[in-house]
1. In this structure, is residue 407 touching a helix residue (DSSP H, G or I) at 6+ places or on another chain (Cβ under 6 Å) and in a loop (DSSP other than H, G, I, E, B)?
2. Can you list residue pairs whose Cβ atoms sit under 6 Å apart, with the first residue in the range 59-87 being within 14 Å of residue 107 (Cβ to Cβ) and the second being hydroxyl-bearing (Ser, Thr, Tyr) and part of a strand (DSSP E or B)? Count only pairs 6 or more apart in sequence or on different chains.
3. Looking at the range 259-292, which of its residues are farther than 14 Å from residue 400 by Cα, of a type in the set (Val, Ile, Thr) and touching a Ser or Thr at 6+ places or on another chain (Cβ under 9 Å)?
4. Output the number of residues of the range 410-423 satisfying the condition of being part of a loop (DSSP other than H, G, I, E, B) and either crowded, with 20+ Cβ neighbours inside 10 Å or among the hydroxyl-bearing types (Ser, Thr, Tyr) (or both).
5. Taking strands (runs of 3 or more DSSP E) that fall entirely within the range 59-145, which contain at least 2 residues that are closer than 30 Å to residue 159 by Cβ and open to solvent by less than 30 Å² (accessible area, probe 1.4 Å)?
6. Any idea which of 365, 340 is assigned to a loop (DSSP other than H, G, I, E, B), more than 18 Å from the chain's Cα centre (by Cα) and acidic (Asp, Glu)?
7. What are the pairs with Cβ atoms under 8 angstrom where one residue, in the range 323-339, is within 11 Å of residue 387 (Cα to Cα) and the other, located anywhere, is among the basic types (Lys, Arg)? Sequence gap at least six, or different chains.
8. With respect to the numbered conditions (1) at pLDDT below 95; (2) surrounded by fewer than 20 Cβ atoms within 10 Å (Cβ to Cβ), which one is the sole condition not fulfilled by residue 397?
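The values are calculated or read from the model by the stated rules, or taken from the named source; none is laboratory data. In this text the structure is predicted, and so the values were computed from the model without any measurement. Here Cβ is always computed from backbone atoms with ideal geometry, including for glycine, and neighbour counts include all displayed protein chains. Please note that ligands, DNA and RNA were not included when accessible areas were found on the heavy atoms of the full protein model with its side chains. Shrake-Rupley method; radii C 1.70, N 1.55, O 1.52, S 1.80 Å.
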Amino acid sequence: MTDHSNLLLEPDRGPEKLSRRNFIAASTGLAGSLVAGQAVAGSLADVPPREPGADLGGHSERSQYVKISRIPEAGPGKRNVDPSDAINSKTPLDKLFGNITPSDLHYERSHSGVPDLDPAKHRLLMHGMVGKPLVFSVDDLKTMPSVTRVVFIECTGNGWENWKKADENLTVQNTHGLVSTNEWTGVPLKFLVDLVGKDRGSNWMLAEGGDAAGVARSIPLTDEILNEAFVAYGQNGEPLRPAHGFPMRLVMPGFEGNLNIKWLRRLKFGDQPWMTRWETARYTQLQANGKATQFQLRMDTNSVITAPSGTMVIKPGYQRITGLAWSGHGKIIRVEVSTDGAKTWQDAQLSLPALPKAQSRFETDWNWDGTPTKIVSRSTDDKGNVQPDRKSFIDAQGSNALFHYHAQQTWSIDGTGRVRNVLD
């Protein structure tokens, strides 16, 4: 029998690897034999009969056989709590496909619940160091030039479960569920800034939300932010969901989630940061030397294997390793996977197109021989940033912090096939 296993295990064969011809040829190899073995039917009687359909409705629901939901959380280690006590709700990364997160499964983080805002009454005030203060309605925004971008939004607390210790019973939803990617539509910030005539001396912007907590963040008006940020009213082709900022929110591609102010009601321009409690008492980073860092705004290069991942059980033989990679610096250009505890690495395939500041799906083939091992991924972006291993990360950042954890995620696999969360 011809051995085609190398066809599936070599990472550098490019698009040819996915061709119909190679798939058919591989049917006598590692993955193909597995697929063929599962697909062979004893007779046509094994094919299920046709079934009558349900009536059409106003919107589509998931199948009754699909059980998928977010996990409410009250902080690191405080999982599966009553929703009234939760501060966030995590995306089930292990149950999703592709790059886009369904709107209702996009992670949620709020400080005082979700306000029920009437779009007909809601307004955006733009004032401060500007030539002409203006107030915009949602309908005003919809008449303006728009931009649509696929970008990720990530809470700074994503990964906080693994800062100091590793609970072996965590899933990837627990460890990395505070990041999601959607397609957002709205008005470029630069267009709005030009309408109000920002003063040349104004290089900071205060963005304030309409929730009861009054979340407000000072944002430096760099060229990158002015050219890429936008005020969104659309999410995955529909109006924003209330949990994600309806009727309008700020979208800041590549920057920490709490800068993407939801329920946006005010943009004020000035020549210095406002030093709100959200950037003094809340979103600061305690370093190893005891000093705190402010305005650590960008989300760094990251990746995680979503399957096999925490609490799953696998069997010896062919495995399709898959996961997600992302970077607030730019576009993911490479993901490497190790199946021997970071001793050796092989390139994974990236699903194209890989977009700037968006999550990218990666995959690779692996034949597990049943020996206990560890699997881990590391990503590289187009600016040359490489996701660090945990030791290098902790050596640089210390273990006092809570936010911006982006070290490589390691999953251990024991002899029974149990997959568990470990630090390295």
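1. yes
2. Listed pairs, sorted by first residue: 70/89; 72/89.
3. If the condition is that a residue be farther than 14 Å from residue 400 by Cα, of a type in the set (Val, Ile, Thr) and touching a Ser or Thr at 6+ places or on another chain (Cβ under 9 Å), then 276 is the only one that fits.
4. Going through the range 410-423 one residue at a time, the tally reaches 1.
5. 71-75, 88-90
6. The unique qualifying residue is 340.
7. Going by the 8 Å Cβ cut-off, the qualifying pairs are 326/357; 327/357; 327/383; 335/378; 336/378.
8. Result: residue 397 passes all but (2).
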